[in-house]
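The values are calculated or read from the model by the stated rules, or taken from the named source; none is laboratory data. Because the structure is a prediction, the values reported are computed rather than measured. Positions of Cβ are generated from backbone atoms using ideal geometry, with glycine treated the same way; all protein chains shown enter the neighbour counts. Protein only, heavy atoms only, side chains kept; ligands, DNA and RNA dropped before computing areas. Shrake-Rupley method; radii C 1.70, N 1.55, O 1.52, S 1.80 Å.
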Amino acid sequence: MRVFTVDAFTDSPFKGNPAGVCLLESPAPDSWMQAVATEMGLSETAFLLGETLRWFTPAVEVSLCGHATLATAHVLYSTGAATGQLDFLTASGTLRVNRAADGMITMDFPAKEVTPTTVPPGLEKALGATPVSVGRSNLDLLVELRSEDEVRSLSPDIQALGAVDARGVIVTAAATTEGHDFVSRFFAPNVGVPEDPVTGSAHCALAPYWSQRLGRTELVGAQLSARGGLVRVTAAGDRVHLAGHAVTVLSGELYI
């Protein structure tokens, strides 16, 4: 069966977030998909059968993944397997995807409300930084820091962050770099991803959070991982539109 590696949320190879995309020809056992994702060694590998889309990290299956959804749509569009709107059936409901004439792919995802919370014990020490505020979505902890530079230079204790009761920890701040509205990084050792290069699902929380703070619905988020990437977001009530480009860097056959 066909398997791809796609760099998502970037228009340049070897940037953004690499995702595996496996186009299944028939149903496969969960254990087999998990083994393939572990073999791929990427933060997520997507498995598509018909319209049903699932995502696995090297350690577990996850309920929502933006960059691997973008990568899957890019594969379908770039190979000619699809031309119009895509509706993926997922653990997070139906995710609608469209592509613009310039190749920009837009995904319609559920918004994740962030509720203010107290700073969990050990978080400040694990991050090596003092939060301005801390909130929680149904997936992740969201930590705002004082500046873009503080987010960029952060060197957290990944093992200690694994003690936080959340899928992952989103660290964010208002942007000072021209052309960006906010910045972020995402750490998820609890699901086998020490630091994710660019995280679409984290922007489901970041978009409404910064939209409310900045008073605008259309924003650009820069994720400041070593690879880096841009996520264009639109806050639309209980939905978030995530937009970005993608580049295929590998295409091959997976032997069973």
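Quick look at the values:
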| read-out | value |
| --- | --- |
| Filter pass, Ala37 being aliphatic (A, V, I, L, M), farther than 25 Å from Asp102 by Cβ and open to solvent by 20 Å² or more (accessible area, probe 1.4 Å) | no |
| Residue in the stretch 122-157 that is farthest from the chain's Cα centre (by Cα), counting only those that are surrounded by 15 or more Cβ atoms within 10 Å (Cβ to Cβ) and β-branched (Val, Ile, Thr) | Val134 |
| Checking Pro131 against (1) of a type outside the set (Asp, Glu); (2) at pLDDT below 95; (3) on the phi < 0 side of the Ramachandran plot; (4) assigned to a loop (DSSP other than H, G, I, E, B), the condition it does not meet | (2) |
| Among residues of the stretch 72-106, those that are assigned to a strand (DSSP E or B), in contact (Cβ under 8 Å) with a residue 60 or more places away in the chain and open to solvent by less than 20 Å² (accessible area, probe 1.4 Å), counted | 1 |
| Positions within the stretch 215-256 being aliphatic (A, V, I, L, M), outside any strand (DSSP E or B), at pLDDT 95 or above and loosely packed, with under 14 Cβ neighbours inside 10 Å, in sequence order | Ala226 |
| For Val114: the one exception among (1) within 16 Å of Leu23 (Cα to Cα); (2) more than 16 Å from the chain's Cα centre (by Cα); (3) surrounded by 16 or more Cβ atoms within 10 Å (Cβ to Cβ) | (1) |
| Among residues of the stretch 59-71, those that are open to solvent by 10 Å² or more (accessible area, probe 1.4 Å) and touching a helix residue (DSSP H, G or I) at 6+ places or on another chain (Cβ under 9 Å), counted | 4 |
| Some residue of the stretch 18-27 being free of Cβ contacts under 8 Å to residues at least 12 places away in the same chain and either under 13 Å from the mean Cα position of the chain (by Cα) or surrounded by fewer than 17 Cβ atoms within 10 Å (Cβ to Cβ) (or both) | no |
| The stretch 187-214, residues that are surrounded by 24 or more Cβ atoms within 10 Å (Cβ to Cβ) and either in a loop (DSSP other than H, G, I, E, B) or β-branched (Val, Ile, Thr) (or both) | Pro197, Val198, Thr199, Gly200, Ser201, Ala202 |
